[in-house]
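Q: Sending over a structure as structure tokens; questions will come in a sec.
The values are calculated or read from the model by the stated rules, or taken from the named source; none is laboratory data. Because the structure is a prediction, the values reported are computed rather than measured. Backbone-built Cβ (ideal geometry, glycine too); neighbour counts: all protein chains shown.
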Amino acid sequence: MAKSGKRRLSGWGKAAVITASVLVVIGGALLGVQIWIGHKVDAMLESEPLNFGAGTCVTHVGRVRVDLARRGVVLRDVAVRTKNRAKDKKDGPSPWLEATIDKVYAFGVHYDKDNDYIYIKDISVESPSVVFHDVPAPAKAECPVQDSMPRQRRSLFVERLRVNDAQAVVNLWGGNGKTGYTVSGLDIELYDINMRGDGSASGSLSQTSQAFDTEKLVAGLPFSDARVRLDKMTYTYKNGALRMEVDTLVFDERRGSATVGRVAVLPQYSKEAYSRRVGDDTDWMQVEVHDIALEGVRLPLVANRRLFYADSCGIETVDLASFKDRNEPQSNSLKPTIYKAVQDIPLGIELPVIEAAGINILYEEISRGASVPGVISFDSMKVRIEGFTNRPQAADQTYAIQAQGMLLGVARLDALLTLPADRSLDRFTLHSTLASMPATAASEITEAIAGVRIVSGMLDSVEIDVEGSSSKATSTLMMYYDDLQVSILKNGREREFITAIANDMVLRSSNPRGGKFKVGHGLFERDPRRSFWNYLWKTSYESVKDVVM
């Protein structure tokens, strides 16, 4: 009998064909389900408008991919934009928002229906960019959302959240002022983010996507670890008159370390123009701080702390320049003392040790009626602050600022300033010593500010103690000097008669004189419109006058 040309499959072959067919059908079904879910996610995101401070915004998603095997979803080319911006010309200015993200993906998504709890293993946001502009009179949202009944929010735990290369430009109006923020090159990694449905933070968990225990959701940490890197951030305020810059910030919460390459406060106008263009603060001031390093950092709400803490803070260099022209209208705004300003910082801070080296301070002031500024400088200063905090444990707690450096480049200055940490304690002290120096070195200051030229004299040593509160202070001065002679000036010319009277009858040319040493005493009531440093100087000057006059 002739054999048929058709070959029958063996049992194993049939099983293989059936298995392959089933896999194709299942794979096709899964692919179809994934595509269907992707369309549903896309429709859900794009169908419902969002209401932010910028009014009604619409969402566009370029592409959605769902991965059922990995319990994940990937969104590409996501954009959120203010709706109907063209109406601005007709209806007046209104805030607007434009945000884009190259890619967002989330994997390892689990939902515990019984506890209404969502777990996500990994979320990544690639290259987000945000541009938001506010206006002085924000328009109302086009379709505000009002819920008839409050909805219970689900609890959420994210094992890892990553944001890579974020950019942002934000301009805000508040009152009569405009502020602006820019951020570039921002990378963030957060681990064990744990948020309860009632909005509070929850205790950190260390779990896998296959096993998580909702019973561990107890009040505590919002996350267990954070890492941040920032290339540059700017903050422009006082209607563009000042700009703060932060460069190269790196923070690692697990290591407890943070570094900042540079922090600067930069006036955007010249010294001469600043006081005329900024009405509420007429002092031009520029600050640059380089190479800041903090160790033992603990963030608020981490390790059950309620304040920012670091074991130590080191600063490599500080350059500060300040300028005042008293011929210009002066600000009437009240200025708090330095310790009151620290106490009023909203964030609690505790830094047991702060050390800074390479501090250079330059202060220039033009007196009323003068045109040339007096200049005072502190060079190569070293500062150590111990026990700095604005959330003290005891009412009598203080912190100390120790400083050493050169005054006017010619004499060593040592100072110890003790300030109150608690609001209930309004008392500070200053102890300062100055090594020997020619009195004529101070002539540049006295001539420009008071019209007094120091012709001769030698300061052997100066020791001063100041004690006071936010309203008034006293000073005690021990000053040894010889052969002090001055020249009284008017419009740059010596007033000979008044100079003779000053040297022969008013000034004490030496101390001690005739075997008698005079201790200077001063009392000064603070002008709350002037700075704390002006307060210390004026109080000290009262005791200087008591000695030399």
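Q: How about region 319-341: which of its residues are surrounded by 15 or more Cβ atoms within 10 Å (Cβ to Cβ) and hydrophobic (A, V, I, L, M, F, W, C)?
A: LEU320, ALA321, PHE323, ILE338, listed by residue number.
Q: Would you say THR418 is surrounded by fewer than 19 Cβ atoms within 10 Å (Cβ to Cβ), free of Cβ contacts under 8 Å to residues at least 24 places away in the same chain and not in a strand (DSSP E or B)?
A: Taking the combined requirement at face value, the residue does not satisfy it.
Q: Return the residues of region 461-484 that are under 18 Å from SER543 (Cα atoms) and more than 43 Å from the chain's Cα centre (by Cα); say none if nothing qualifies.
A: Those that are under 18 Å from SER543 (Cα atoms) and more than 43 Å from the chain's Cα centre (by Cα): TYR480, TYR481, ASP482, LEU484.
Q: On the given criteria, is ASP483 at pLDDT 90 or above and on the phi > 0 side of the Ramachandran plot?
A: Yes.
Q: Could you name every one of the strands (runs of 3 or more DSSP E) located completely within region 430-549 that has at least 2 residues being in contact with a Phe, Trp or Tyr (Cβ under 6 Å, 6 or more places away or on another chain)?
A: 452-468
Q: Separate question: Which members of region 222-279 meet the condition of being touching a residue at least 60 places away in the same chain (Cβ under 8 Å) and of a type in the set (S, T, N, Q)?
A: ASN239
Q: Filter region 235-276 down to the residues that are within 19 Å of ASP319 (Cα to Cα) and β-branched (Val, Ile, Thr) and list them by number.
A: Once the filter is applied, which keeps residues that are within 19 Å of ASP319 (Cα to Cα) and β-branched (Val, Ile, Thr), region 235-276 yields VAL246, THR248, THR259, VAL260, VAL263, VAL265.
Q: If you don't mind, there's one more thing I want to ask. Restricting to region 64-112, what's the tally of residues that are within 36 Å of the chain's Cα centre (by Cα), hydroxyl-bearing (Ser, Thr, Tyr) and either over 19 Å from GLU159 (Cα atoms) or modelled with pLDDT under 80 (or both)?
A: Of the residues in region 64-112, 3 are within 36 Å of the chain's Cα centre (by Cα), hydroxyl-bearing (Ser, Thr, Tyr) and either over 19 Å from GLU159 (Cα atoms) or modelled with pLDDT under 80 (or both).
Q: Look at ASP504 and say whether it is among the acidic types (Asp, Glu) and under 17 Å from GLY457 (Cβ atoms).
A: So ASP504 passes the test.
Q: Of everything in region 510-528, what is small (Gly, Ala, Ser) and in contact with a helix residue (DSSP H, G or I) (Cβ under 7 Å, 6 or more places away or on another chain)? Give them in sequence order.
A: Residues satisfying the conditions are GLY520, GLY522.
Q: Now a separate question. Quick check on my filter: what residues within region 253-266 are under 18 Å from LEU351 (Cβ atoms) and assigned to a strand (DSSP E or B)?
A: SER257, ALA258, THR259, VAL260, VAL263
Q: Another one. Report whether or not SER331 is within 21 Å of GLN286 (Cα to Cα) and touching a helix residue (DSSP H, G or I) at 6+ places or on another chain (Cβ under 7 Å).
A: no
Q: Can you tell me which residue within region 395-409, out of those that are aliphatic (A, V, I, L, M) and surrounded by 14 or more Cβ atoms within 10 Å (Cβ to Cβ), is farthest from GLU350 (Cα to Cα)?
A: Restricting to residues being aliphatic (A, V, I, L, M) and surrounded by 14 or more Cβ atoms within 10 Å (Cβ to Cβ), the top hit is LEU408.
Q: Checking the structure you have, find out if any residue of region 369-382 is of a type in the set (Ser, Thr, Tyr), surrounded by 16 or more Cβ atoms within 10 Å (Cβ to Cβ) and within 30 Å of ASP483 (Cβ to Cβ).
A: yes
Q: Could you please tell me which pairs satisfy a Cβ distance under 6 Å, a separation of 6+ or placement on different chains, a first residue in region 421-433 that is farther than 21 Å from GLU350 by Cβ, and a second residue that is hydrophobic (A, V, I, L, M, F, W, C)?
A: What qualifies is LEU430/LEU417; LEU430/VAL466; HIS431/LEU416; SER432/ALA415; SER432/ILE464.
Q: While we're on this one: Mind listing whichever residues of region 113-146 are under 16 Å from THR59 (Cβ atoms), modelled with pLDDT under 85 and buried (at least 17 other Cβ atoms within 10 Å of the Cβ)?
A: ALA141
Q: Ok, one more. Just the residues that are of a type in the set (A, V, I, L, M, F, W, C) and either surrounded by fewer than 16 Cβ atoms within 10 Å (Cβ to Cβ) or touching a Cys at 6+ places or on another chain (Cβ under 8 Å) (or both), please, taken from region 249-286.
A: VAL250, LEU266, ALA273
Q: Another one. With ALA395, ALA411, ALA400 as the choices, which residue is of a type outside the set (S, T, N, Q), in contact (Cβ under 8 Å) with a residue 24 or more places away in the chain and under 26 Å from CYS313 (Cα atoms)?
A: Checking each option against the conditions leaves just ALA395.
A quick yes/no check of all residues on (1) under 30 Å from THR389 (Cβ atoms); (2) surrounded by 15 or more Cβ atoms within 10 Å (Cβ to Cβ):
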position	(1), (2)
ILE445	no, yes
ASP460	no, no
ILE464	yes, yes
LEU477	no, yes
ASP482	no, yes
SER487	no, yes
ASN491	no, no
PHE517	no, no
SER531	yes, yes
